[in-house]
Each structure stands twice: as C-alpha cells, then as structure tokens.
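The values are calculated or read from the model by the stated rules, or taken from the named source; none is laboratory data. This one's a predicted model, so the numbers in the text were calculated from it and none came from an experiment. Methodologically, a virtual Cβ is constructed for each residue, glycine included, from the backbone with ideal geometry; neighbour enumeration extends over all protein chains shown. Heavy atoms of the whole protein, side chains included, go into the accessibility calculation; ligands, DNA and RNA do not. Shrake-Rupley method; radii C 1.70, N 1.55, O 1.52, S 1.80 Å.
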Protein chains: 2
Amino acid sequence: MMSPSRDSLVDALSMKGGNGEHSYDSNCHYQRGVFSETEHVVKESIKEMLMNLDFPGCIKVADLGCSSGRNTLLAMFEIVNTIIETYQQLGRTNPPEMDCGLNDLPHNDFNTTFKLVPSFLEKLKMEVKGRCFVSGVPNSFYSRLFPSKSLHFVHSSLSVHWLSKVPDGLENNNKSIHIKDPCPPNVYKSYLNQFKKDFSLFLRMRSEEFVPNGHMVLTFVGRKVTEPLSKDCFQVWSLLSDCLLDLVSEGVVRESEMEYFNMPFYNPNEEEVREVVQNEGSFKINKVETHDHIVPYKIEKDDEDLISPELIEAGKDRATCLRCLTEPLLVAHFGEAVIGPVFDKYAQYMAKYLSVSGHRPNMTLNIVVSLTRK
Amino acid sequence: MMSPSRDSLVDALSMKGGNGEHSYDSNCHYQRGVFSETEHVVKESIKEMLMNLDFPGCIKVADLGCSSGRNTLLAMFEIVNTIIETYQQLGRTNPPEMDCGLNDLPHNDFNTTFKLVPSFLEKLKMEVKGRCFVSGVPNSFYSRLFPSKSLHFVHSSLSVHWLSKVPDGLENNNKSIHIKDPCPPNVYKSYLNQFKKDFSLFLRMRSEEFVPNGHMVLTFVGRKVTEPLSKDCFQVWSLLSDCLLDLVSEGVVRESEMEYFNMPFYNPNEEEVREVVQNEGSFKINKVETHDHIVPYKIEKDDEDLISPELIEAGKDRATCLRCLTEPLLVAHFGEAVIGPVFDKYAQYMAKYLSVSGHRPNMTLNIVVSLTRK
C-alpha cells in the first residue's frame with residue numbers, strides 16, 4: 001500500500017464508521033461526557049441569541065464535525081429543544097421551523113447517522129414534528145458550507161483541534177508524530193502557524209454564513225502550558241509515538257513511514273485562541289471556559305509499581321477509545337496490519353502511564369468558547 | 001428471517017448502495033438515458049422560472065429520490081450549470097449562490113454520493129466554486145423536507161411512482177405482486193387510491209416549501225392504457241410475479257410469503273396525473289410530455305422461436321438493471337437466498353419476452369410533468 005501524501009492524509013481523517021465493536025458510535029462515551037459538561041454554555045448562548053433576534057420563522061443551526069452515530073444527534077436534540085423552550089418562555093406560542101445541518105468531511109459515515117433521523121424526529125414534542133428538518137453537509141469546515149447570512153447558531157464539539165492539513169516543515173520531526181519533549185523548536189512553530197491559519201479561516205468562512213448576532217459555541221482540546229517546548233503537547237500522541245517507534249524497532253513499521261507521519265492536530269492554549277479570534281475580528285468573545293479532561297473511571301491503587309487489573313482494563317478502554325478516532329487515519333498511512341499491534345501496545349503504555357499520572361499535572365483540558373457574530 | 005409488515009416494507013425501499021457489481025451506481029444506465037431525454041424540459045423550466053424571479057442572491061434547488069452514486073449528481077450538475085448560464089444570458093455578471101439538496105429515504109446510501117461531492121464542486125466553473133453548497137436530506141418526500149417558502153426548483157426522476165406504502169385491501173391479490181391481467185377489480189382501485197393520496201400529499205408538502213413561482217419537473221413511469229384491467233399494468237412486475245410463482249412451485253419461496261408481497265408502485269396514465277394536480281390546486285401544469293421507454297440495445301432477429309444469444313444477453317442486462325432497483329426490497333421480504341434464483345429466472349423470462357415483444361404494443365412510457373407553484 002502506498003502512503004498518501006502529507007496533504008491527502010487529511011482526506012482519511014474520520015471517526016470509524018458503522019456501529020461495530022471498534023466504531024466511533026460504540027466508543028464515544030468520552031465525547032458524550034464532554035457534551036454534558038459544556039451543554040450549559042450551549043443553552044445559555046442560544047437563549048441570549050434568541051433575545052436579540054426578532055423571532056425568525058425559521059432558525060438555521062449547524063453542528064460542525066458531527067461525526068457519525070448517536071452522539072451526532074444528541075447535541076442537535078438539545079439545541080432544538082432549547083430553541084423551543086426559549087420561544088415558549090418568551091411568550092411565543094408557535095415554535096419556529098428549524099433547519100438542522102450536520103456537517104463532516106465527505107468520507108464521514110453519514111449513513112449510520114441518517115438511519116437514526118426518523119427516531120430523532122419522532123422524539124421531538126408533538127407540536128414540533130414536521131417543523132424540524134435535518135440535512136447532512138459533506139465538506140471541510142475550512143471551506144464555505146452554507147449560503148451567506150443564513151446561519152443562526154453553530155455548535156462544534158471536539159473537532160476544531162483537527163487541522164486542515166499536516167503542517168509544512170516537519171521533516172526533522174522524525175521520532176514523534178506530534179509535539180513531544182524533546183523536540184526541535186520549528187515543530188511547535190509549524191503547528192502553531194497552521195492552527196492560526198486554519199482557525200482564522202474557519203472563523204472567516206463562518207462569518208460569511210452567519211446572520212448578524214448569530215452565536216457559535218466551540219469545544220476543543222487545548223492545553224494549560226504556555227511554553228510548549230518544555231512539555232509534551234498532548235500525552236495521547238506522545239504515547240502513540242512510543243508505540244509506533246517500538247513497532248519500527250520490531251520491524252513491523254518502516255522507519256521512513258514513521259518519519260513522514262505527523263498528526264494534523266493542535267491543542268492551543270487559551271491565549272492562542274483569544275488572539276486568533278481577536279485578529280480575525282468578526283466575532284465577539286462572550287465567554288471562555290476550560291474544563292479538565294474527564295477521567296471516566298476511578299483508579300484506586302496502593303502501589304504504583306504494580307499495574308493493577310483495573311489499570312490494565314483502563315488502559316484497554318483508552319486504547320479502544322483512541323482507536324475509533326484514529327483508525328482510518330492510521331490505516332491510510334501504515335496499512336491495516338499495524339492496527340492490532342499499535343493498540344495492544346497503547347493499552348499497555350496507557351496502563352503504565354495511568355499508574356504514575358496521579359503524581360503528574362494534567363497538561364491538557366477542553367476549551368469552550370462562546371462567540372457572537374458582530 | 002421474519003417478513004416485515006406491509007407498512008414497513010417501504011422502509012426497505014432503496015436502490016442497492018455502494019459501487020459493486022450489483023449496485024445502482026454500476027447499473028443505472030437506463031436512468032441516465034432517461035435524464036438525457038428529459039433534460040430539455042428541466043432546462044426550459046429553470047430558464048422560465050428565472051425570468052419570473054427577481055434574481056435572488058441564493059437559489060435553492062432539490063433533487064427528490066436522488067438515489068446514490070454518479071447519477072445523483074449528474075442531474076444536479078446540469079441544474080446548477082443552467083442556472084449560471086441563464087444568469088449570464090440575462091446579463092447578470094455574478095452567479096447566485098446555489099443551495100443543492102439531495103433527498104432520499106434515510107436508509108439510502110448517501111455515503112457513496114457524498115464521496116463524489118468534492119469532484120462535483122471541483123468540476124464547476126471557477127467563478128462558481130465556493131458558491132455551491134451540497135447537502136443530503138434523509139426523509140420521505142411524502143413528508144416536509146425543507147423550511148417553508150425556501151425552494152426555487154425541484155427535480156425528481158423515476159421516483160414519484162414509488163408509493164408511500166403497499167396499498168390496503170390487496171389480500172386477494174395472491175398470484176401477483178402488482179396489477180396483472182387477470183386481476184380482481186379492487187386491486188386496481190386500491191393502487192389508484194393510494195397513488196391519488198400519495199401524489200396529492202407530495203404536491204401539498206412541496207407547495208408549502210416552494211416560493212411563489214417556483215418550478216418543479218417530475219419524471220416517472222406511466223402507462224398508455226386507460227383501462228388497466230384488460231392489460232398488465234407494468235410488464236416488469238408481471239414477469240417478476242411469474243418468477244416468484246415458479247419459485248413457490250419449486251419450494252424455494254413459501255406460498256404465504258408470495259401472497260403478502262405487493263410492490264409499492266403505481267404507474268398512472270396522463271389523465272390520472274392531471275386530475276391529481278388539478279384537484280390539489282397549488283400548481284399550474286406548464287407541460288406534460290410522454291416518452292416511450294428506451295430500449296438501450298438493438299434486437300435483430302430472423303426467427304422469433306429461437307432465442308438468440310443477443311436476446312439472452314439482453315435478458316441478463318435487464319435482470320441486472322432490475323436487481324439494483326429491487327434487491328433491498330426483495331431481501332427484506334423473502335431473504336437473501338431468493339435473489340440469485342429470482343434474477344436468473346427473470347433473465348430467461350425477459351429474453352423470451354423480448355423475442356415476442358416486437359409484435360406487442362409497449363404499454364408503459366415515461367411521463368414528464370413541468371409545474372409552477374401558483
């Protein structure tokens with residue numbers, strides 16, 4: 001199998017489709033947890049928006065980077081219900097029509113989501129049935145997705161940290177797939193530049209699509225540190241780098257394949273996010289919240305040298321979760337055969353990491369940004 | 001495998017997805033041919049519409065019952081290009097934005113179509129790139145699909161002959177899957193009533209979605225005869241009935257399975273179509289054209305008793321074409337195992353039918369209706 005070029009690697013970026021054992025749909029508990037943590041910001045933002053709009057007959061909302069399966073419609077259901085409730089609270093007897101766009105890249109598994117649309121529509125309150133329209137929009141959110149001045153509300157969860165391409169200038173980053181301590185200084189700069197370009201483009205595309213006073217809530221992975229070179233930027237990719245390096249030394253992965261693979265991902269800190277929004281200029285920042293990463297299970301241990309069965313299980317859980325996010329990307333570059341060995345190793349490394357991580361500060365977090373189109 | 005109820009049978013209605021040997025995408029030459037025959041009506045309708053609209057900044061168009069694969073985007077490409085050309089011809093230098101909705105039932109294979117969207121957008125002329133937005137709308141066209149007063153142009157090819165459900169009252173139609181000579185009189189009445197209800201509902205749903213003076217072009221299978229009881233209504237289903245009856249007598253299909261299966265399909269004559277449009281009342285009929293069914297190959301034969309290799313090949317072609325349209329429906333009712341035997345038989349029967357059909361009048365045709373929202 002030929003490795004795709006660095007640019008086309010992003011064409012393979014998608015969550016694992018269907019609803020099988022390793023699919024995103026079966027393994028997205030974490031993403032579901034994140035939405036329940038950020039839901040209050042979404043609701044607050046919708047309510048504030050509706051106070052400043054003149055009760056349009058049709059409200060157009062979009063979820064960008066929606067992925068596939070049940071999660072996709074979970075956020076949309078809360079958005080639709082919040083709109084209806086707010087209309088009622090503000091004394092409007094008729095709910096508006098709601099036009100709901102679900103966006104992801106063209107090779108995302110929309111079929112799995114679309115099969116759930118009838119039950120989504122069925123679950124809506126009686127007076128809303130027939131007034132809610134769902135569509136799928138297959139394109140990169142780094143391009144225009146909707147007609148000018150058509151959107152009222154945009155939600156995006158755990159997507160904007162994915163870059164439009166692997167940054168240029170990472171040729172010397174050959175022992176890692178991301179920003180990993182120690183690391184040449186240009187690696188961080190390349191990633192930061194790509195993030196600034198991409199996030200700025202994202203905001204400009206949306207600014208054209210929004211009606212004035214439209215609102216947007218974005219949640220994505222960020223980091224706490226301001227000095228990225230002294231720390232690993234995202235521990236998950238550092239562990240995955242270690243797994244791949246092991247497979248290189250075992251002869252399963254070719255060294256050249258490892259050298260040319262870098263994750264199209266950047267987790268910015270809060271200042272970097274604020275700076276891009278302010279420089280782009282179309283949106284006002286209402287609020288930025290940060291949330292520590294959720295650990296969805298408790299780890300209780302007495303002896304950190306001994307890796308307990310609980311930690312081994314926890315490591316496997318984390319590996320399964322990462323697999324549903326990265327399998328299509330890794331298969332596109334390394335081929336099918338590496339998937340089993342990589343995630344077996346990852347489960348072991350993660351168990352070890354968890355056994356000591358209680359003593360280490362958690363460097364990553366989720367950033368929730370609430371914006372208003374000026 | 002349990003047979004689904006008569007109502008839920010329509011949930012299994014879809015063209016065969018993917019792009020494999022038996023997929024709709026690989027076998028839809030006939031449907032492609034039909035579009036090239038009706039394209040002039042589509043173009044004429046768009047041009048007339050644009051003369052009566054005040055150059056909207058965004059034109060919203062939809063293809064209803066789009067199916068999956070290359071055909072889906074073929075009609076949309078011509079629609080988009082016609083809009084652009086007409087704007088130019090009318091002296092507008094900037095093309096409008098175009099919002100293109102592709103509709104089909106939720107279990108349609110949208111993924112295969114969506115993978116083709118990037119090349120569709122790429123093929124558009126330079127000045128149009130970034131101004132054309134494609135979305136998929138997974139719902140029955142017998143319900144509301146789009147917000148009120150949002151649509152400018154609707155196209156639907158070879159879809160409106162599919163009913164929303166198997167008609168009630170077909171319990172005594174147990175030797176056929178459709179209207180087949182000889183046939184109890186209530187069978188024809190049940191089918192006609194269901195068609196009237198469904199097509200009327202289709203028009204009412206669209207009437208709410210259209211802007212005033214919006215246009216719609218519908219192509220579907222119809223028939224020439226006014227007296228359906230003296231003839232088979234649709235020869236394709238009559239031949240398929242014969243195949244299934246053979247399999248009943250061979251013990252491959254249970255008699256009870258055959259008795260409870262009826263095609264959710266009706267091919268109206270021109271009068272029936274005109275009557276429903278006039279009674280519903282929201283649309284003006286601009287034009288009705290009828291086109292004889294295309295025979296996409298030539299049959300030359302000297303001796304009609306001898307089934308020539310050409311006819312055997314032609315029978316196989318027709319069987320493959322029908323298979324991509326009906327396989328999901330047949331599998332839902334009869335199970336996977338019947339598919340091979342049914343279409344082997346169908347190929348043989350069709351070859352025989354073709355060997356004599358030169359001497360029989362062709363009873364079916366395609367009806368093209370061009371409508372304007374009043």
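Of the residues in segment A:183-206, none is within 22 Å of residue A:321 (Cβ to Cβ) and open to solvent by 10 Å² or more (accessible area, probe 1.4 Å).
Each row is one residue, and each column tells you yes or no for (1) more than 8 Å from every other protein chain (Cβ to nearest Cβ); (2) surrounded by 21 or more Cβ atoms within 10 Å (Cβ to Cβ); (3) of a type outside the set (A, V, I, L, M).
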site: B:107; (1), (2), (3): no, no, yes
site: B:112; (1), (2), (3): yes, no, yes
site: B:124; (1), (2), (3): yes, no, no
site: B:133; (1), (2), (3): no, yes, yes
site: B:158; (1), (2), (3): yes, yes, no
site: B:161; (1), (2), (3): yes, yes, yes
site: B:168; (1), (2), (3): yes, no, yes
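Under the condition of being of a type in the set (Val, Ile, Thr) and either modelled with pLDDT of 90 or more or open to solvent by less than 10 Å² (accessible area, probe 1.4 Å) (or both), the residues counted in segment A:238-281 number 4. The number of residues in segment B:202-227 being aliphatic (A, V, I, L, M), under 17 Å from the mean Cα position of the chain (by Cα) and at pLDDT 95 or above comes to 4. Screening the candidates B:78, B:44, B:39 for the property of being under 24 Å from residue B:210 (Cα atoms), more than 14 Å from chain A (Cβ to nearest Cβ) and open to solvent by 60 Å² or more (accessible area, probe 1.4 Å) yields one hit, B:44. Scanning segment A:47-75 for residues that are away from chain B (no Cβ under 14 Å) and open to solvent by less than 50 Å² (accessible area, probe 1.4 Å) yields A:49, A:50, A:53, A:65, A:71, A:75. Among residues of segment B:317-338 that are under 24 Å from residue B:354 (Cα atoms) and open to solvent by 40 Å² or more (accessible area, probe 1.4 Å), those with a Cβ under 6 angstrom from a residue that is in a helix (DSSP H, G or I) and of a type in the set (Phe, Trp, Tyr), sequence gap 6+ or separate chain, pair up as B:323/B:343. For segment B:163-212, filtering for residues that are out of contact with any helix residue (DSSP H, G or I) (no Cβ under 8 Å at 6 or more places or on another chain), closer than 24 Å to residue A:129 by Cα and not aliphatic (A, V, I, L, M) leaves 8.
Considering only segment B:102-122, how many residues are touching a helix residue (DSSP H, G or I) at 6+ places or on another chain (Cβ under 8 Å) and either small (Gly, Ala, Ser) or over 19 Å from residue A:69 (Cα atoms) (or both)? Adding up the residues that qualify gives 4.
For the residues A:154, A:137, the requirement of being under 19 Å from the mean Cα position of the chain (by Cα) and away from every other protein chain (no Cβ under 13 Å) singles out A:154. Within the span defined as segment B:167-180, every residue fails to be in a helix (DSSP H, G or I) and acidic (Asp, Glu).
Summed over segment B:86-101, the residues that are among the charged types (D, E, K, R) and either under 28 Å from the mean Cα position of the chain (by Cα) or within 14 Å of chain A (Cβ to nearest Cβ) (or both) give a count of 2.
Condition check ((1) farther than 18 Å from residue B:265 by Cα; (2) modelled with pLDDT of 80 or more; (3) assigned to a helix (DSSP H, G or I)) across all residues:
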| position | (1), (2), (3) |
| --- | --- |
| B:306 | yes, no, no |
| B:313 | yes, yes, yes |
| B:320 | yes, yes, yes |
| B:324 | no, no, yes |
| B:327 | no, yes, yes |
| B:337 | yes, yes, yes |
| B:341 | yes, yes, yes |
| B:347 | yes, yes, yes |
| B:351 | yes, yes, yes |
